[in-house]
1. Under a point spin-label approximation (7 Å from Cα along Cα-to-Cβ), what is the Asn157-Asp138 distance to one decimal in nm?
2. Based on the mean of other Cβ atoms within 10 Å per residue, sort peptides 183-189, 41-47 so the most packed one is first.
3. Please label the shape of the range 157-203 as rounded, prolate or oblate, based on the square roots a ≥ b ≥ c of the eigenvalues of the alpha-carbon gyration tensor (a/c under 1.5 means rounded; beyond that, a/b larger than b/c means prolate, else oblate).
4. Can you tell me how the range 140-221 classifies by the Cα gyration tensor, rounded, prolate or oblate, using a/c under 1.5 as the rounded cut?
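A short reminder: the numbers here are calculations on the coordinates, not readings from a lab. As the structure is a prediction and not an experimental result, all values here were calculated from the model. Methodologically, a virtual Cβ is constructed for each residue, glycine included, from the backbone with ideal geometry; neighbour enumeration extends over all protein chains shown.
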Amino acid sequence: MAKGKRAKRDEPQEAQIEPSSKEKLKTLFEKYGYLAAFAGAVPLMSGWLLFNEKDCGCFLLPKETLAANNELLGIISIIAGLALLLPAIFQYEVIGKKKEKSWFIRKEYLFAFILSLAVIQFYISIETPQEVPVVEGDYDELTLKLAEVGWVMFYANWCESCHQQFELLGTSAKNLRLVDCDTVECPDFIKGYPTWAMNNPDGSLEIKEGAQTIETLKQMAGLVE
């Protein structure tokens, strides 16, 4: 009897097969597919913005660096987005003894990706100022007064907000005192573009950062209280 028990005890245990790195990665995408779909939307949208020479607010890099390398950084962003998105959406299961792969689309993850793009696009539309149609010479009085009182606009050619400021003022922008920081070295107080600056009579420096509305520009020119 003891001998039988010993034989049963000595039977080899079935070895547990450690899943491969590929299988572990597959399991992760199956478990966290929603997160991968959401995360993939961000670099894909950033890449699209960079290819369109728009500021994506990404890479934590200065805007001039982004503008100079927009195509390269756009490609990097799109590749990163696809690397997160495709394994989450396109998954497979192993069928039969031959372990054949049957591919399928995870529709819920695809929907999560589309929803993410819609949310990002909505956020961008809120943050981007709407274009204001202007009549040629409509703001000549305003821009002449801004130049007269001493306001200088520092800008850069790659700056989208600068272009929006010029479009807002139309042909009247020719009357402004302008400094192109792509061609000359600008003062240290310039932290972004456009920047409006003026020396007050008491010697102090007044600064306005970013694109300004017509109402604000009128206040700066002293045309309204």
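1. 2.8
2. Per-residue Cβ counts within 10 Å, averaged per peptide and sorted highest first, yield 41-47, 183-189.
3. oblate
4. Here the range 140-221 falls in the oblate category.
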